Structure formats: C-alpha cells, structure tokens
Amino acid sequence: MTQKQRLVIIGNGMAGARLVEEVLARQGGELFEIIMFGDEPYGNYNRILLSSVLAGTHDPKDIFINPLTWYEENNIVLHAGKRVSAIDPVAKVVLAGEDLVEPYDTLVIATGSSPFVPALENLTDRSGKFRDGVFVFRTMDDCQEMIEYAASAKIAVVVGGGLLGLEAARGLLNRGLEVHVAHVTTHPMNVQLDPPAGKILKKSLENMGVNLHLKKRATAALGNGQITGLAFQDGSSLDCDMVVISTGIRPNVELAQQAGLAVEQGIIVNDDLSCKDTLDIYALGECVQHRGQTYGLVAPIWEQAQVLAENLTSETARALYQGSQVSTKLKVMGVELAVMGEKDPCCEDDEVVTYTEPGRGIYKKLIIHDDQLVGAILMGDGQTAPKLLQLFDRKGALPVNRAELLFPIANESKATSVADLSDSAQICNCNGVTKGKIIAAVKAGKRSLKVLCDATRAGTGCGTCKAQVQEILELAAGDQLVEDPSIHYYVPGVPLTRPELIKAIKERDLRSVSAVFAALADGKEDPGSKLGLASLLKTIWGKDYQDERDARFINDRVHANIQRDGTFSVVPRIYGGVTSAEELRRIADVAEKHNVPMVKITGGQRIDLLGIPREKLPAVWQDLGIPSGHAYTKAFRTCKTCVGTEFCRYGVGDSTNLGMKIERRFQGIESPHKMKLAVSGCPRNCAEATVKDLGAVAIEGGKWEIYIGGAAGASVRKGDVLCVVDSHEKVLQYMGRFMQYYRENAKYLERTYGFVERVGIEHLRRMLVDDAEGIGQRLDEDIQAAVDAYKDPWQEAITPTSPVQFTSVVDTVNTVEKVEALQS
C-alpha cells in the first residue's frame, strides 16, 4: 500500500481551510496525511462575518465554518493556537515553539495578512502593547475584546473609512456608542468608489448616525495609560475612550522571507501557485503576489484554492491560475454594493454610463471599453448586479441600449435571470458558493431552501443572496421542489422567515417597503407581500416607519372600510362603547347632513355610518370631530363592555371604566391581524370576553382573569386564561405585553387564536407572566413606544398625504370578490 505524502499547511484561515476542503473533495484524504497550523485556538470561521458578531446580529458560534470536531472527523491534525516560528526548506520541516517539528513532503503557506497600524505617537506603551481602549479588528479575539470594552465605553473613533472600518463603525453603533470615522481621503471607501459614489455613501452613513471626518490624518493618541482622544495633523483633536485602527492590511511574508523564498509585496507565486524557484512549497491567499498583484477579497482565494487542490491531487493535469478579475457583492452598513473592475475610464474612448438618485442613496456607473464591460459601481440597488457580474466575468455582448444594463427589463422573467448565469458564477460571496455547486446539491436531493443552504452554506452569511439561491432551487428542482414545513416566509416575495426578516430589516435599517424589496428581494416588488411588510415595518419602527401608501390596502390608504358598492363605512371611536347625548347628536347631524344611507349599531357596540363616497370622507370626519375607530385595518379595533358594577346588580368589577382605559391606551395599535377585545364585569360574561382576542373577566375578590386567543366568528374558540391579576393597571400591563409579543412573533394575517394554539399557553405564561427569559420589561417598553407613536389617521382630513388620496376613481374596488382577492 502506497504511503501517504505529508501535506503541511501553515494557516487555518479562509484560504488554508478552503484548500483542505477542496483537497478532500477530490479524495485527497487518500493521498495525503494533512497537518495544519493555526495561530488561533479555534476551528475555521468566516472572517467576513466578524462585523456582524460585533454588531450583535450574529452569534460567534454561527460564523464557524469548520469546528474543531470537523478536523478530527476528517483525520486532519490541527495544531490550533500554535504559531510557526520557522521553515527549513533544506530539511523540509516546519518548526513551532521549542519542540514541535513537523516534516513535510509538500508545504503550503497560507498565512494571510495582518492589520496595518500607522505610526501614531503614544499609541502603545513602552512594551509595545496597545494602550487600553485601542484595538485592531481582524480576529475573533479582537472582536470579543472590542465587545467587552464597548460595554463601558461612550465614544469611539474608527481610524480608516474603508470597508472594514465602516463595518466596525456599524457594530459599535449597534452597541450604543457615539461613533466617529476619521479618513485620510475625500470620501469613504475610496479604493472601491469614485467621488460621486463616495459622496452619496457619506450622506447615507451620516443618516445612520456615523460622524464622518474626511481629509483627517491621525498623528497621536491622547491620554496616559488609557485612551482619551486622538490628535490630527491639522491640529484638531477628537475626544474618545475607544479607538479602532482599520487602515488596511499587509501580507504576512516573514516566514517566507526567513526561508529564503522570493518576496516583494507578497510571496511571489507562479501560475500553478508554487513559490518561485521551489518544487514543493506553494502559497495562496492574501499573503501571495501573483503576476505583480495581491488580493484582499475572498473570491480570488476560492479560485486559488481550486487551482492548487487540482494540482496537488492530480497526477497529470496542471491547472493554472490566470489571476482574478476583481469583483464583489457586499454590503456597507446595510447599503448594498457591487463593484467590479475599473472605477474610472482608462482612455478617452471609454464609454461611461451613470445614473444617480441621491435622495434614495442610489448610484450606478458603468465603464465600457471596446463594447465590453470593464468596470461598474452599483450602490443602493442590487437588482441588476448578477447580470452585470456575468457580463463582466465572461466579457459578454452588451445591448445597444445601455439603460437595459442599469435597469431590469419589464418582461424579464425570474427564470431567465438565473438561467443565463454560468455554472461558475459565484452566488454566495461570503462562502464562495457557485451556481454549479448549488445545482449539484439540488440534484443530490437538497430540494428545500433550508436543506440546500445548510448543505452548501450559500445564504448562511450576510443573507443577501438568498433570493438568488431560491430562484436557482426552483429552476433546478422544477416540480420536485420540497417545501420545508419548518420554514414559513413572513411574506412570499422575500424568502426569509419572520426572525430572519426582522434581523435583516434592523441590520440594514430598512424603513420602507420599497427599501425591503430593493435590499432583500433583488428589487423585485411583490404586490402580495406589501401589506404584510407594511404592517411589520410599522411594528418595528413605529413613528420612524416610512409610509408608502401604495404598500397599503385601499382601506388603510383612506382609513375607512370599503363596501360592496365602492362606498365606505365610517366607525368613529366610542371608548368602551360609552357615549353621550352630545356625541350621539353630532353623529346624527353628520348622518343627516351627508345623506348617509344607513346608520347601524355594530357587534362591537359602535355606530357605523355606511355608504359614504370616498371623496366625502374628510368632510364626514371633520364634522364628527371624533377619532377613528380603526374598523378598517389590522389593528386593535374595539373593547366591548358590560355595565359592570355601576348599574348591574351582579357586577363584581368596574368593567366599563376598565374597557375605556384599555381602548384609550391601545387605540390604533397595528398587529398581524385585527384584535377585538372585551371586558365583562362578572363571570356571567355578558360582553363575551372569553371569546375575544383578548378579554378580561371580573371574579370575586377584586381580581380579573385575562383571556387570550378567543374567537367567535368563522372559528369559535374559548380563550385561555393567561393569568389572574388584582388591578386595572395589571390588566393593562399583561394585555400590552401579550399584544407586543403577538406583534413580534405571529405570522402576518395569523389571528390570536391561531397564534396561541401554535405557540402554546404554557409557553406564553412562561414568557409573559413568569418572565423566564427576562424580556418582560422590554416588551412593556416597546408597547409603550407604540402607544406614544399613535396619531389619529383621520387628521389626514386636514392634511392629506397626497392630492388624490380621497379622489374617487372609476376602477375603485367595487365588488366583494375583488376586495377578498386583494386581502388574500
């Protein structure tokens, strides 16, 4: 039996570990005994996602690609936490520490790069150690130390406005710090962006809360022992108690230099990735220089790993690395960005096509040479990025109408958008997953999105590629597509579960429906998803939600309930069902003045004025002078009451006043579906509180039973008792706590009775009453924020949102069938 060759790899980062994966995929485990060295005491993790760990949107354990157990399972010897001290190319051994010696037949150097730290005075102490509060941002340990320090810091300065610096700024912003970014050039990300794009990005960053200081060169750290500020070359300074240095990277070449290998900027490698003038030493990743070029992106690393793995495992084929065309899709503080090739024209004949929309943070620029795409910048709109990346990579023919490159063609189908991509097209930048790998996994039986993502790692990084992964899955699986029962997209047009969607919305600071489609659905708007997204965004952002009326159903656009004949019904707010002679007189006067065809008492103890034309709504509201009753939207509707202890001889609790308190507090609170409430003053339950979404029933001893999840419509269900309390204040607290939990966790259009049955009353008691996970105070604060943000929508009678808001249109929905179709 042939003895295995010893393959030693120095470096367990994204390059070294990816190489091992590629070698194993080619049955290299049968050829080699694999030994690896890693500086860090961990398995391999996705360094790209460190910024998400810093921001708190990813747990550290979620970014590990290969945990320590993976190495054991694949018979790989990993010296974790062992730094290599020397390479002896004559003896063909690698030395680590005082006594660790590993012989090799083939050696691969994948030492990556280190942060470049500029020479700032007073940055380090006499021993060369950073002063307290100074950090670089490169490793898992760096990230954890920053998180711990940030907990007690107030003001942070990030030195460097490149990609990593801005991502560090985002993470610290999420941790509640005041964040400043000092950058030496005229605009952020100057390596990737031209000045106009940089200007738009600057505005977007400032809107997110970042304080940008451009044309600022730091010269010294201030403070004795602990950092207190930064001084700049122009004589100015910034107070701070935390500094993050992010001024670029430098290839780690010291080991190669010590071993006598050829080194310039990086370790010089040939097209087969062998080191110059050697036969058995190779290198790849950020530490190498190939044809005069070094790379700091992951895509070239994936290409190098494939070439080198092929060369190591094949006896005949000699794969050649031809260099990489620099292109990438990424996000900067939630702003979608795709860059490729040149950012400026190289000669006078180059064609430059641009489109800018600064108000929405959109910038698009193409550089075309000899009718081929040689460069592009796409910021704030990733819809056309896949097509442009394909044209850039394959030097494809360009349409005569260049606008077709910047904007989607109206009749372009979902299938053609992915079908035209080559199998080598990279779909997931974070994990280097190609279209071909995804299709192969689908053919191997991975036919649901979750299973496919778990198997390929596509979509498990920043998540921006999930829509494309879904399209490829649908294309490859055809009618064999499997719906994973554990996955429930919140809305059909965005392939994310509710928790994933909420996380993505918060991470990217998406405050409008159109922004969600642009960032999370490749810009493809789905009319059936708009209502659900609008409801969710209103729940997340409250008064800071950016309302787009075309994302609402007709009822919510005009704040009235559409009827069979195209007219509307108006239900004014009557708190707890209690009115007065003066209020009744006003309602009667309005009915008479506007010739209201029908005045009806509703099942919720309110008065409904039916048959009002759309254009008359503002006048009716103004004449009424009563707030909206929200009978038209997915929100808290009414709180039905009985007369309670005031007049009823059986009453044991003041249901009338409690009902009025409930209604005044929660009026207009939007939710996944409508909520109807009731309060009964005794167990006889005249207000039918036990079959409402939320209900309160008075019992002996001055106590109240709180019911949730009841129903008495198409579905009939007696609610479950959440808890028993002894005051009106406690009823309001626990009702509000349940409402907020329902708002955050229910599916869109899921009534409370379905939600309670799905989640379980025991779980709800544990979360809301026992506060087992410590979220009670946060839920109380969030529902209070929603209460504080409430504005009576009928005030739009005075200040409409648009001149045509209440204009009657011929094609207004005028049949029940159309209404039901829209609502579904």
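The values are calculated or read from the model by the stated rules, or taken from the named source; none is laboratory data. Everything numeric here is computed off the predicted structure, so don't read it as measured data. Here the Cβ is made from the backbone with ideal geometry for all residues, glycine too, and neighbour counts use every protein chain on show. To get the accessible areas, we keep the full protein, side chains included, count just its heavy atoms, and leave off ligands, DNA and RNA. Shrake-Rupley method; radii C 1.70, N 1.55, O 1.52, S 1.80 Å.
Leaving out ligands and nucleic acids, and using a 1.4 Å probe, what accessible area per residue does region 60-142 come to in Å²?
Computed with neighbouring chains in place, this is 54 Å² per residue.
Write down, largest first, the equivalent ellipsoid semi-axes of region 545-695 in whole Å, where each equals the square root of 5 times an eigenvalue of the alpha-carbon gyration tensor.
Details: eigenvalues 158, 74, 30 Å².
Values for region 545-695, descending: 28, 19, 12 Å.
State the extension gain, in nm to one decimal, for the chain segment bounded by residue 122 and residue 585, taking 0.36 nm per residue of separation less the distance between their alpha-carbons.
158.9 nm
Taking just the alpha carbons, could you work out the radius of gyration and Dmax for region 208-259, both in angstroms?
For region 208-259, the Cα radius of gyration and maximum Cα-Cα distance read 15.8, 48 Å.
Rounded to the nearest 10 degrees, what's the angle between the helix 776-788 long axis and the longest principal axis of the chain, both from Cα atoms, 0 to 90?
Once rounded, the angle reads 60 degrees.
Considering the Cα trace of region 189-309, what is its radius of gyration and what is Dmax, both in angstroms?
20.2, 55
Could you give the angle, 0 to 90 degrees to the nearest 10, between helix 581-593's Cα long axis and the longest principal axis of the Cα atoms of the chain?
Rounded to the nearest ten degrees, it is 80.
Just how much of residue 767 is accessible, in Å², when a 1.4 Å probe is used and the result is rounded to the nearest 10?
That residue has around 10 Å² of solvent-accessible surface.
Which whole-Hz ³J(HN,Hα) couplings does region 62-77 yield from phi under the Karplus relation 6.51 cos²θ - 1.76 cosθ + 1.60, θ = phi - 60°, glycine and proline marked x?
6, 9, 6, 8, 10, x, 4, 5, 4, 5, 5, 4, 9, 6, 9, 8
In nm, to one decimal, how far is the residue 314 label point from the residue 264 one, both placed 7 Å along Cα→Cβ?
Roughly 2.8 nm, to one decimal.
If DNA, RNA and ligands are ignored and the probe is 1.4 Å, what is the ranking of 70, 704 by accessible area, most exposed first? Show your work: numbers first, answer last.
Values: 70 45, 704 10 Å².
Output order, biggest surface exposure first: 70, 704.
Name the residue farthest towards the positive end of the dipole of the chain from the options 699, 679, 578, assuming +1 on Cβ of Lys and Arg, -1 on Cβ of Asp and Glu, about the Cα centre.
578
Spin-label point model (7 Å from Cα, Cβ direction): what's the residue 791 to residue 718 distance in nm?
4.5 nm
How far apart, in nanometres, would the label points at residue 276 and residue 784 be if each is projected 7 angstrom from Cα along the Cα-to-Cβ direction?
Calculated label separation equals 6.7 nm.
Amide H to amide H under 5 Å from residue 267: which residues, 5+ apart in sequence or cross-chain, H placed 1.01 Å off N in plane?
288, 289
Kirkwood Rh and Cα-based Rg: tell me the resulting Rg over Rh for the chain, rounded to two decimals.
Working: Rg = 31.6 Å, Rh = 30.5 Å.
Rounded to two decimals, Rg/Rh equals 1.04.
Grab the beta carbon distance between residue 422 and residue 293, set R0 = 30 Å, and tell me the FRET efficiency rounded to 0.05.
Numbers: r = 23 Å, r/R0 = 0.78.
In this case the efficiency is close to 0.80.
Compare the Cα positions of 352, 397, 309 along the charge dipole of region 284-423 (+1 at Cβ of Lys, Arg; -1 at Cβ of Asp, Glu; about the Cα centre) and return the one farthest towards the positive end.
Highest projection toward the positive end goes to 309.
How far, in nm, would the chain grow between residue 454 and residue 3 when pulled straight, counting 0.36 nm per residue and subtracting the alpha carbon separation?
Once the chain is fully extended between residue 454 and residue 3, it gains 158.8 nm.
Which whole-Hz ³J(HN,Hα) couplings does region 122-134 yield from phi under the Karplus relation 6.51 cos²θ - 1.76 cosθ + 1.60, θ = phi - 60°, glycine and proline marked x?
Result, rounded to whole Hz: 6, 6, 10, 8, 5, 7, x, 7, 4, 5, 4, x, 9.
Amide H to amide H, which residues 5 or more places from residue 561 or on other chains are under 5 Å from it, using H placed in the peptide plane?
When sequence neighbours closer than 5 places are left aside, the close amide H contacts are 569.
From the residues 115, 158, 134, which one has its Cα farthest along the dipole of region 40-183 in the positive direction, the dipole being from +1 and -1 charges on Cβ of Lys/Arg and Asp/Glu about the Cα centre?
Of the options given, the answer is 158.
At 1.567 mPa s and 4 °C, plugging the Kirkwood radius over alpha-carbon pairs of region 707-791 into Stokes-Einstein gives what diffusion coefficient in µm²/s?
In µm²/s, the coefficient rounds to 96.
What residues have an amide H closer than 5 Å to that of residue 326, excluding those fewer than 5 places away on the same chain, when H is modeled at 1.01 Å from N in the peptide plane?
Sorted by chain and number, the residues that satisfy this are 341.
Need one value: the accessible area of residue 79 in square angstrom, 1.4 angstrom probe, rounded to the nearest 10.
30 Å²
Using helices alone, what [θ] at 222 nm do you get for the chain, with -39,500 (n - 2.57) per DSSP H run of 4 or more residues, divided over all residues and rounded to the nearest 500?
-9000 deg cm²/dmol
For region 169-217, which trypsin sites (Lys or Arg not before Pro) are both in a DSSP coil and crowded by at most 14 other Cβ atoms within 10 Å?
When the trypsin sites (Lys or Arg not before Pro) of region 169-217 are filtered for loop state and at most 14 Cβ neighbours within 10 Å, 215, 217 remain.
Please give the Cα centre distance for region 421-479 versus region 259-304, rounded to the nearest Å.
Using only Cα atoms, the two centres lie 30 Å from each other.
Please report Rg (one decimal) and Dmax (integer) in Å for the Cα set of region 44-114.
15.7, 48
Relative contact order for region 240-310: what is it in percent, counting Cα pairs under 8 Å that are at least 6 residues apart?
Worked out over region 240-310, it gives 23 percent.
Could you give the length gained by full extension between residue 700 and residue 40, i.e. 0.36 nm per residue of separation minus their alpha carbon distance, to one decimal place? The partial results should precede the final answer.
Details: separation 660, 0.36 × 660 = 237.60 nm, distance 6.49 nm.
Working it through step by step, the gained length comes to 231.1 nm.
With a cut-off of 8 Å between alpha carbons and a minimum separation of six or more residues, what is the relative contact order of the chain in percent?
On the way: 1632 pairs, mean separation 57.1, N = 824.
Normalised by residue count, the contact order of the chain is 7 percent.
Would you give the gap between the C-alpha center of region 134-186 and the C-alpha center of region 708-771, rounded to a whole Å?
If we compute the Cα centre of each part, the gap is 41 Å.
For helix 498-508, what angle does its Cα long axis make with the longest principal axis of the chain, in degrees from 0 to 90 and rounded to 10?
70 degrees
So what's region 500-553 giving for Rg/Rh, alpha carbon basis, Kirkwood Rh from the mean inverse pair distance?
Rg divided by Rh gives 0.91.
Could you give each residue of region 671-683 its phi-based ³J(HN,Hα) in whole Hz, using Karplus coefficients 6.51, -1.76, 1.60 with θ = phi - 60°, and x for Gly or Pro?
Listing the rounded values in order: 7, x, 8, 5, 10, 10, 10, 7, 10, 10, x, 7, x Hz.
Hey, can you rank 291-298, 337-344 by average C-beta count inside 10 Å, highest first?
Listed from highest to lowest mean packing, they are 337-344, 291-298.
In debye to the nearest 20, how big a dipole does the chain give about its Cα centre with +1 on each Lys and Arg Cβ and -1 on each Asp and Glu Cβ?
Here the size comes out at about 2460 debye.
Give me the 1.4 Å probe accessible area per residue for region 325-406, excluding ligands and nucleic acids, in Å². Spell out each step's value before the answer.
Working: 3470 Å² over 82 residues.
Value for region 325-406: 42 Å² per residue.
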